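Asker: Quick one: the structure is below, questions incoming.
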Amino acid sequence: AACFLDSMATLGLAAYGYGIRYEYGIFNQKIRDGWQVEEADDWLRHGNPWEKARPEYMLPVHFYGRVEHAATGAKWVDTQVVLALPYDTPVPGYMNNTVNTMRLWSARAPNDFNLRDFNVGDYIQAVLDRNLAENISRVLYPNDNFFEGKELRLKQEYFVVAATLQDIIRRFKASKFGSTDTVRTVFDSFPDQVAIQLNDTHPAMAIPELMRILVDIEKLPWNKAWDITKRTFAYTNHTVLPEALERWPVDLVEKLLPRHLQIIYEINQRHLDHIASLFPNDVDRLRRMSLIEEGGTKRINMAHLCIVGSHAVNGVAKIHSEIVKTQVFKDFAVLEPEKFQNKTNGITPRRWLLLCNPGLADLIAEKIGEDYVRDLSQLTKLHEFVDDDIFIREVAKVKQENKVKFALYLEKEYKVKINPSSMFDVHVKRIHEYKRQLMNCLHIITMYNRIRRDPAKLFVPRTVIIGGKAAPGYHMAKMIIKLINAVAHVVNNDPVVGSKLKVIFLENYRVSLAEKVIPATDLSEQISTAGTEASGTGNMKFMLNGALTIGTMDGANVEMAEEAGEENLFIFGMRVEDVTELDREGYNAQKYYDWLPELKQAIDQIKSGFFSPKEPELFKDVVNMLFHHDRFKVFADYEAYVKCQEKVSELYLNSKAWTKMVIRNIAAAGKFSSDRTIKEYARDIWHVEPSDLKIPPPNEPRDAVEDKTPNGTVA
């Protein structure tokens, strides 16, 4: 999202990023005795100089209440009101004098909160109860790829939606476009002037909310309102994991947003009527495509609501968009194939090259000029220098300097002595079973066992760095962190191993730490089970910063291999088709354990308490999962992964060949600029044209500007 804001400003788009101003962001992670411990992230403690509160644009948001039906239409009454106070943060474009706005909403209780109703009650208590309303923007839910149907979370989702839509409509009505015709047709031009991109299903309530405003308040007929709504919204899907899809219980929505539930029912009725007319007597299709899931507690499928209420639906990498179209939302794609698109993710080269890796950025600029910063496709010019011995040496030198700098940081923070000439093998991302940090862990144990078996044998030294946060309620992810730290403790203190292998768990992985570790990385680990990682963006950041990738054919890795040539990445393991086939025949983990002695040894060590001698049973849950309910098939890819890692080590011994492959990767990274991504959204979905006009600086007189414009009009 931050990359997209940077690109929108750099491309001169009149775009706004809307969200919630959380008082507490993602928790700070502490590692104590190898376990993750969460601490509140009180990021505003010392103030935030970049934000400006805008109380003049404060807006009311309604909750609860009931619906009255009259001849004039529906009225939502007896609601509780929370105020949304906007805070604006400037988003500067790169060297173009454009500054856009990110507007984040903070929840405030009205001053008469709990005091307005004939309240003889306790004044002190009423003021203290203001916290209940203001809790809405208190804390970010820390779940990654997991839906937890909590009332406070739904309140947050509606809060940002209701405030933002009022803001957008206020701006639309104040503009010259909105002020022409009669009341009935004022909104005709709305979809031509406004595009709203739904970033996952979290803001899905915007669809019934806009319908409520158009039908109940602006008194538009339903069909007209629905046409406007569909043409305004577009939906980006970010995950195919079923446990991550939002499915809100109907009774919760009925309590919190009674009018919105009625509108969703009406949308669903018309949607199902349409399908029934196209597929008569196909009741199973109606069940599959309904916005309402029956059976047990009735739930609203928010992804279905987004698809039905949007004119465009996209995934975030080619393979992901294909899965969205042919598997997850197949029925909808059959109905409207033209609605489904791909928009492969990207990253901003301003933060992820210039800012975090100035040495490499300067080196590239010396060879191809500075224009590549705004047009990353120009990196292909580096192909000319892939055999240039001086350039090869300089690229290797920049990487070595970054590694030395990061090694010093690690020694200061973790008191571990790092060998800066060792291969920096880095696996940083949220901790999740599908990302398979466990497979990396098994490889570490395998390397450890090989060193101990034959200490004299040549071993390419590695520093394995793993980092990431686990959702606080995700037991398995927390056990994985503990296991990595337990393995690290054994490996790092074994004199036989010495400096050949070091394992570090990076505490509190976050953007500021990513900016340090990514430029220092040799090997980027992107090893999710094929078909589970929608895109990934860390993979792109590593590629741009001169790391080589070991990865599966998943997410954007597929397109990275396409751009650089598969021979310039270390691709291994099952493809999506192989995973599907293995599911069909039934995944049997025991088989791999029986076949592969090194896998058996590693698992037996974990199981027997070799890494947890004081508590031999500590990791029994992890081992049990790997054998009996591993949805992500770690054992099935273990052998291919270990063999691929041997190839990595072999190439690392040949510094020149390694660096040449690095240069080929950097030269192929241009596609993965968020500038390219945003241009595609702008042209294919929002129907706006990016502009590379440089707005004149404010200190330049206006008439001087007009003289520069060819036809005498200011652009």
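The values are calculated or read from the model by the stated rules, or taken from the named source; none is laboratory data. Since the model is a prediction, treat every value here as computed from it, not as a measurement. We place every Cβ from the backbone using ideal geometry, glycine too, and count neighbours over all the protein chains shown. Only protein heavy atoms, including side chains, enter the accessible area calculation; ligands, DNA and RNA are left aside. Shrake-Rupley method; radii C 1.70, N 1.55, O 1.52, S 1.80 Å.
Asker: Go through segment 127-169 and give me each residue that's of a type in the set (S, T, N, Q) and open to solvent by 30 Å² or more (accessible area, probe 1.4 Å).
Answerer: If the condition is that a residue be of a type in the set (S, T, N, Q) and open to solvent by 30 Å² or more (accessible area, probe 1.4 Å), then ASN131, ASN135, ASN143, ASN145, GLN166 are the ones that fit.
Asker: Any chance you could count how many residues in segment 619-640 are touching a Leu at 6+ places or on another chain (Cβ under 8 Å) and under 18 Å from GLU577 (Cα atoms)?
Answerer: Residues in segment 619-640 being touching a Leu at 6+ places or on another chain (Cβ under 8 Å) and under 18 Å from GLU577 (Cα atoms): 5 in total.
Asker: For segment 420-433, enumerate the residues that are more than 23 Å from LYS607 (Cβ to Cβ) and out of contact with any strand residue (DSSP E or B) (no Cβ under 7 Å at 6 or more places or on another chain).
Answerer: PRO420, SER421, LYS429, ARG430, listed by residue number.
Asker: Here are some residues: SER499, SER524. Which one is open to solvent by less than 10 Å² (accessible area, probe 1.4 Å) and either of a type in the set (Ser, Thr, Tyr) or outside the structural domain of ASP637 (by the TED database) (or both)?
Answerer: SER524
Asker: For segment 364-399: of the residues being more than 28 Å from the chain's Cα centre (by Cα) and outside any helix (DSSP H, G or I), which is nearest to ARG351 (Cα to Cα)?
Answerer: It comes out as GLU370.
Asker: Moving on. Can you run down the residue pairs with Cβ atoms below 6 Å, 6 or more apart or on separate chains, where the first is in segment 529-540 and touching a residue at least 12 places away in the same chain (Cβ under 8 Å) and the partner is of a type in the set (Lys, Arg) and open to solvent by 20 Å² or more (accessible area, probe 1.4 Å)?
Answerer: ALA530/ARG575; GLY538/LYS429
Asker: Tally time: how many residues in segment 547-562 are part of a helix (DSSP H, G or I) and open to solvent by less than 80 Å² (accessible area, probe 1.4 Å)? I'd like the intermediate steps shown before the answer.
Answerer: Going through segment 547-562, the residues part of a helix (DSSP H, G or I) turn out to be 557-562.
The next check asks that each one be open to solvent by less than 80 Å² (accessible area, probe 1.4 Å); those that pass are 557-561.
Residues meeting the conditions: 5.
Asker: Regarding segment 85-94, can at least one residue be identified that is of a type outside the set (Ser, Thr, Tyr), in contact with a Gly (Cβ under 9 Å, 6 or more places away or on another chain), closer than 15 Å to SER137 by Cα and open to solvent by less than 70 Å² (accessible area, probe 1.4 Å)?
Answerer: Checked against the condition, which is being of a type outside the set (Ser, Thr, Tyr), in contact with a Gly (Cβ under 9 Å, 6 or more places away or on another chain), closer than 15 Å to SER137 by Cα and open to solvent by less than 70 Å² (accessible area, probe 1.4 Å), segment 85-94 yields no hits at all.
Asker: Give me the pairs, please: first residue somewhere in segment 444-463 and touching a residue at least 60 places away in the same chain (Cβ under 8 Å), second residue anywhere and open to solvent by 60 Å² or more (accessible area, probe 1.4 Å) and acidic (Asp, Glu), beta-carbon distance under 9 Å, and either six or more positions apart or on two chains.
Answerer: From segment 444-463, the pairs are VAL460/GLU650.
Asker: Here's something else I'd like to know. Restricting attention to segment 450-472, which residues are open to solvent by 10 Å² or more (accessible area, probe 1.4 Å) and out of contact with any Pro (no Cβ under 8 Å at 6 or more places or on another chain)?
Answerer: ARG450, ARG452, ARG453, ASP454, PRO455, ALA456, LYS457, LEU458, PHE459, VAL460, PRO461
Asker: Still on this model: I'd like to verify a number: residues in segment 71-100 that are modelled with pLDDT of 95 or more, of a type in the set (A, V, I, L, M) and over 30 Å from LYS694 (Cβ atoms), how many?
Answerer: Going through segment 71-100 one residue at a time, the tally reaches 7.
Asker: Being among the polar types (S, T, N, Q), out of contact with any Asp or Glu (no Cβ under 7 Å at 6 or more places or on another chain) and in contact (Cβ under 8 Å) with a residue 40 or more places away in the chain narrows it down to one of GLN269, GLN197, so name that one. Before you say what the answer is, go through the steps one by one.
Answerer: Numbers: GLN269 fails: in contact (Cβ under 8 Å) with a residue 40 or more places away in the chain.
The conditions single out GLN197.
Asker: For segment 581-676, which fully contained helices (runs of 4 or more DSSP H) count at least 2 residues that are open to solvent by 30 Å² or more (accessible area, probe 1.4 Å), closer than 23 Å to PHE542 by Cα and out of contact with any Gly (no Cβ under 6 Å at 6 or more places or on another chain)?
Answerer: 634-652, 655-667
Asker: Sort out which residues of segment 452-464 are more than 17 Å from LYS482 (Cβ to Cβ), hydrophobic (A, V, I, L, M, F, W, C) and touching a helix residue (DSSP H, G or I) at 6+ places or on another chain (Cβ under 9 Å), and write them in order of number.
Answerer: PHE459, VAL460
Asker: Condition first: assigned to a helix (DSSP H, G or I), buried (at least 16 other Cβ atoms within 10 Å of the Cβ) and among the β-branched types (Val, Ile, Thr). Now tell me which residues in segment 563-580 satisfy that.
Answerer: Passing the criteria: VAL576, VAL579.
Asker: In this structure, is ASN135 assigned by the TED database to the domain that holds ILE26 and part of a helix (DSSP H, G or I)?
Answerer: For ASN135, the condition - assigned by the TED database to the domain that holds ILE26 and part of a helix (DSSP H, G or I) - is met.
Asker: Which residues, counting only those in segment 498-545, are farther than 30 Å from GLU322 by Cβ, assigned to a loop (DSSP other than H, G, I, E, B) and of a type in the set (Gly, Ala, Ser)?
Answerer: Those that are farther than 30 Å from GLU322 by Cβ, assigned to a loop (DSSP other than H, G, I, E, B) and of a type in the set (Gly, Ala, Ser): GLY498, SER499.
Asker: Within segment 113-126, track down each residue that is exposed (fewer than 14 other Cβ atoms within 10 Å of the Cβ) and either outside the structural domain of ASN301 (by the TED database) or farther than 29 Å from GLU218 by Cα (or both). Give the steps one after another, and end with the answer.
Answerer: Initially, segment 113-126 is screened for residues exposed (fewer than 14 other Cβ atoms within 10 Å of the Cβ), giving 116-125.
ASP117, PHE118, ASN119, VAL120, GLY121, ASP122, TYR123, ILE124, GLN125 - these are the residues of segment 113-126 that are exposed (fewer than 14 other Cβ atoms within 10 Å of the Cβ) and either outside the structural domain of ASN301 (by the TED database) or farther than 29 Å from GLU218 by Cα (or both).
Asker: Criterion first (within 28 Å of the chain's Cα centre (by Cα) and either within 30 Å of LEU408 (Cα to Cα) or of a type in the set (D, E, K, R) (or both)) does LEU626 satisfy it?
Answerer: For LEU626, the condition - within 28 Å of the chain's Cα centre (by Cα) and either within 30 Å of LEU408 (Cα to Cα) or of a type in the set (D, E, K, R) (or both) - is not met.
Asker: Which residue is surrounded by the most Cβ atoms within 10 Å (Cβ to Cβ), if the candidates are limited to segment 61-84 and must be within 32 Å of the chain's Cα centre (by Cα) and either free of Cβ contacts under 8 Å to residues at least 60 places away in the same chain or not assigned by the TED database to the domain that holds MET8 (or both)?
Answerer: Narrowing segment 61-84 to residues within 32 Å of the chain's Cα centre (by Cα): 61-64, 81-84.
Cutting the leftovers down to either free of Cβ contacts under 8 Å to residues at least 60 places away in the same chain or not assigned by the TED database to the domain that holds MET8 (or both) gives us 81, 83.
Values: VAL81: 16, LEU83: 20.
Across segment 61-84, the extreme among qualifying residues is LEU83.
Asker: For segment 576-615, name all the residues that are in contact (Cβ under 8 Å) with a residue 12 or more places away in the chain and touching a Leu at 6+ places or on another chain (Cβ under 8 Å).
Answerer: Result: ALA589, TYR592, TYR593, LEU599, ALA602, ILE603, ILE606, PHE611, SER612.
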